[in-house]
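A.B. asks: Here it is, the structure in full.
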Amino acid sequence: MKPRKLILIIADLILLAVLIINLIISSKSSIKNFEIKEDINSILITKADGEISLTKNGEDWFVGNENLPAENYSVENLVEAVSSIKVLDKVASLSEYTKETYEFTDNNSITVLVKNNDKVLRKIVLGKKSTVYSQTFITLDDKNDIYLSTGSLRSKFEITENDLIKAEPEPEQQPEASSEADNSIEDSLEEPSIEL
């Protein structure tokens with residue numbers, strides 16, 4: 001084989017290797033997934049207008065100190081949201097400036113404390129929604145990193161106790177009997193008249 005062909009083949013192999021390495025590096029995603037593997041039986045949501053506590057007893061969820069029955073599917077949606085949080089990237093670190101910028105101030109943020117009995121599994125502080133409303137700026141577990149999360153977390157926790165309390169079923173109304181049916185029953189009960 002001529003030296004020139006050998007040099008071209010080696011150059012092609014080097015270019016191919018560089019291309020493969022670039023593809024591998026660019027395919028690595030910056031998406032991180034923060035998961036909770038343990039059972040969640042308590043959620044405390046703290047907002048500027050108050051707190052909402054949710055506790056699980058057996059298979060059922062209850063709201064507030066009065067232990068009012070909760071709509072289980074509504075609470076399970078919240079449990080699912082905090083059990084697996086996907087973040088696109090770290091966008092900043094907490095500081096006085098970024099607290100204002102990303103709305104991590106006391107009157108704007110929502111704090112979600114997730115527990116198994118007395119063990120804290122996760123603390124999420126929700127800042128403002130991004131310009132894409134299906135994303136929220138968050139911090140996790142009292143760390144200073146501000147992440148951009150997917151899945152409109154903020155919207156899910158902008159709720160009230162009434163949104164979670166199980167609605168009482170409407171009492172069933174008895175259908176009114178028709179007046180014709182009433183009259184025919186009354187007629188049949190009357191004693192027959194006998195003429196003398």
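The values are calculated or read from the model by the stated rules, or taken from the named source; none is laboratory data. Please read all numbers here as calculations on a predicted model, not as lab measurements. Counting neighbours? That spans all protein chains shown, and the Cβs are built from the backbone with ideal geometry, glycine included. Just so you know, the surface numbers come from the protein's heavy atoms only, side chains and all, with ligands and any DNA or RNA stripped out. Shrake-Rupley method; radii C 1.70, N 1.55, O 1.52, S 1.80 Å.
A.B. asks: Within region 144-152, is even one residue at pLDDT 60 or above, farther than 15 Å from residue 45 by Cα, surrounded by 15 or more Cβ atoms within 10 Å (Cβ to Cβ) and in contact with a Gly (Cβ under 8 Å, 6 or more places away or on another chain)?
C.D. replies: Within region 144-152, one or more residues are at pLDDT 60 or above, farther than 15 Å from residue 45 by Cα, surrounded by 15 or more Cβ atoms within 10 Å (Cβ to Cβ) and in contact with a Gly (Cβ under 8 Å, 6 or more places away or on another chain).
A.B. asks: Tell me the residue from 46, 136 that is of a type outside the set (A, V, I, L, M) and over 17 Å from residue 150 (Cα atoms), please. Reasoning before the result, please.
C.D. replies: Working: 136 fails: over 17 Å from residue 150 (Cα atoms).
From the options 46, 136, the qualifying one is 46.
A.B. asks: Among the residues of region 130-165, write down those that are part of a helix (DSSP H, G or I) and touching a Phe, Trp or Tyr at 6+ places or on another chain (Cβ under 9 Å).
C.D. replies: 154, 155, 164
A.B. asks: In this structure, does residue 115 turn out to be within 17 Å of the chain's Cα centre (by Cα) and among the basic types (Lys, Arg)?
C.D. replies: Considered against the rule, which asks whether it is within 17 Å of the chain's Cα centre (by Cα) and among the basic types (Lys, Arg), residue 115 comes out as yes.
A.B. asks: Does region 120-129 contain at least one residue that is within 23 Å of residue 56 (Cβ to Cβ) and assigned to a helix (DSSP H, G or I)?
C.D. replies: No - not one qualifying residue is present in region 120-129.
A.B. asks: Let me ask you something else. Say we look at region 122-143 and pick out the residues that are touching a residue at least 12 places away in the same chain (Cβ under 8 Å) and open to solvent by 30 Å² or more (accessible area, probe 1.4 Å); which of these is nearest to residue 55 (Cα to Cα)?
C.D. replies: Checking each candidate, the answer is 123.
A.B. asks: How many of the residues making up region 63-99 are over 22 Å from residue 146 (Cα atoms), in contact (Cβ under 8 Å) with a residue 40 or more places away in the chain and more than 20 Å from the chain's Cα centre (by Cα)?
C.D. replies: 1
A.B. asks: If you go through region 20-33 one residue at a time, do you hit one that is surrounded by fewer than 11 Cβ atoms within 10 Å (Cβ to Cβ) and either charged (D, E, K, R) or modelled with pLDDT of 90 or more (or both)? Step through it out loud before you land on a result.
C.D. replies: Applying the first criterion (surrounded by fewer than 11 Cβ atoms within 10 Å (Cβ to Cβ)) to region 20-33 yields 20-31, 33.
After this cut, where a residue has to be either charged (D, E, K, R) or modelled with pLDDT of 90 or more (or both) as well, the list is 28.
Yes: region 20-33 contains one or more residues that are surrounded by fewer than 11 Cβ atoms within 10 Å (Cβ to Cβ) and either charged (D, E, K, R) or modelled with pLDDT of 90 or more (or both).
A.B. asks: Another question about this same structure. Residue check: is residue 97 closer than 21 Å to residue 142 by Cβ, among the hydroxyl-bearing types (Ser, Thr, Tyr), open to solvent by 50 Å² or more (accessible area, probe 1.4 Å) and not in a strand (DSSP E or B)? Even if it seems obvious, please write down each step before you answer.
C.D. replies: Details: closer than 21 Å to residue 142 by Cβ: yes; among the hydroxyl-bearing types (Ser, Thr, Tyr): yes; open to solvent by 50 Å² or more (accessible area, probe 1.4 Å): yes; not in a strand (DSSP E or B): yes.
Here the answer is yes, as residue 97 does meet what is asked.
A.B. asks: Going by the conditions given, is residue 36 touching a helix residue (DSSP H, G or I) at 6+ places or on another chain (Cβ under 7 Å) and either open to solvent by less than 90 Å² (accessible area, probe 1.4 Å) or free of Cβ contacts under 8 Å to residues at least 12 places away in the same chain (or both)? It would help to see each step written out before you state the result.
C.D. replies: Details: touching a helix residue (DSSP H, G or I) at 6+ places or on another chain (Cβ under 7 Å): yes; either open to solvent by less than 90 Å² (accessible area, probe 1.4 Å) or free of Cβ contacts under 8 Å to residues at least 12 places away in the same chain (or both): yes.
Judged against the criteria, residue 36 is a match.
A.B. asks: Also: Of everything in region 100-119 that's among the polar types (S, T, N, Q) and part of a strand (DSSP E or B), which residue is surrounded by the fewest Cβ atoms within 10 Å (Cβ to Cβ)?
C.D. replies: Among those residues, the one meeting the criterion is 116.
A.B. asks: Being assigned to a helix (DSSP H, G or I), buried (at least 17 other Cβ atoms within 10 Å of the Cβ) and of a type outside the set (Gly, Ala, Ser) is the filter here; which residues of region 75-94 pass it?
C.D. replies: The answer is 75, 78, 79, 82.
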